[in-house]
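These notes concern the structure reproduced below.
No value in this document is a laboratory result; all are computed from the given coordinates. This is a predicted model, so every value here is computed, not measured. Reconstructed Cβ throughout: ideal geometry from the backbone, glycine too, with neighbour counts over all protein chains shown.
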Amino acid sequence: MESYFATIKNKKGQLVLDLDDSKHIIKVLRHQINDEIIVNFQTEKYLTKIVALMPNVICQIIEPLQENNELPVKVTLVMALLKEQKFDLVIQKAVELGVNKIVPIQLKYCVSIVNNKIMQKVARWQKIAKAAAKQANRNIIPEVTSVVKNIEDLKQYQSEANFLAYENENFQDWTQNLTNINSITIVVGPEGGISSDELTSFKTLNFINISLGLTILRAETAPLYFLSVVNYHSLLKK
């Protein structure tokens, strides 16, 4: 059964879907009054019944569903800006793999740069995250933040464990750091790599350089590899 996200609960305790989801339900899926769908509200899933269609679909809660598809560890991905299609792919797959938050960052060697249309891009990235969250049956829609331009500003996004994926680091078992922690931040640089000055700035913020294996991964592959490993280890903790 398909699932949706609601951000509004009306005075009757009913869940109200946004216009985009409402149009999809009415025009594409052709749902009718009394059809049942799953709706997420404030991290909880509910079995609901459609009680109104226009202009917004409104759903009456039938019962809560004891279903939590979130990782036990919250992962923040700080991702250097990539070419548009590659960045879109990272957002989609990272959400599927359980990321909690995505922080785009402008670094020295980024091919893609921040321009006056960045707010439109962030809004589009958030839509990609929402679609991926629905497909993956997530309990939440991960946030895509505004673009960070200064490494110092990453302080607000740091976690209990803070890693920097770095291809010149010797491989060691960094998964030992995943034991008994509730949050991780991973930084992945752009296609052109990370400058020496940036490495120093990350070190100042106590980011630990880690290797993701013997081969050099593409910028869009690295975060998905990392999230896959964290996903596996997190599931072992459940």
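List of remarks:
- Computed over region 3-65: relative contact order in percent, which uses C-alpha pairs under 8 Å that are six or more apart: 34 percent
- Centre-to-centre separation between the Cα atoms of region 48-85 and those of region 170-238: 26 Å.
- Across Lys12/Lys101; Lys155/Lys203; Lys9/Lys121; Lys9/Lys117, pairs whose alpha-carbon gap is larger than 24 Å: Lys12/Lys101; Lys9/Lys121; Lys9/Lys117
- Length gained when the stretch Asp153-Val229 is fully extended (0.36 nm per residue, less Cα-Cα span): 24.7 nm
- Distance from region 17-41 to region 104-131 (C-alpha centre basis), Å: 29 Å
- By the count of neighbouring beta-carbon atoms within 10 Å, fewest first, Leu82, Leu205 end up ordered Leu205, Leu82.
- Here's the list of aspartates and glutamates a cross-link from Lys27 could span, going by alpha-carbon distance under 16 Å and ignoring same-chain residues fewer than 8 apart: Glu2, Asp18, Asp35.
- Computed [θ] at 222 nm, deg cm²/dmol, the chain (DSSP H ≥ 4; -39,500 (n - 2.57); rounded to nearest 500): -8000 deg cm²/dmol
- A dipole drawn for the chain from +1 and -1 charges on Cβ atoms has a positive end, and of Leu154, Val90, Gln66 the residue lying farthest that way is Gln66.
- Net charge of Cβ neighbours under 11 Å - reference Val114; Lys, Arg +1; Asp, Glu -1: +3
- Relative contact order, whole percent, for region 101-238 stands at 28, derived from Cα pairs under 8 Å and 6 or more residues apart.
- Cβ-placed point charges (K, R +1; D, E -1), dipole of region 3-65 about Cα centre in debye, nearest 20: 180 debye
- Coil-residue trypsin sites (Lys or Arg not before Pro) of region 1-31, DSSP, other Cβ within 10 Å capped at 14: Lys11, Lys12, Arg30
- P(r) tail fraction, the chain - alpha-carbon pairs more than 28 Å apart, %: 38 percent
- Helix 222-237 axis, angle to the chain major axis (alpha carbon atoms, nearest 10°): 70 degrees
- Cβ-placed point charges (K, R +1; D, E -1), dipole of the chain about Cα centre in debye, nearest 20: 680 debye
- Sequence-separation-based contact order of the chain, relative, with Cα cut under 8 Å and 6+ spacing, percent: 20 percent
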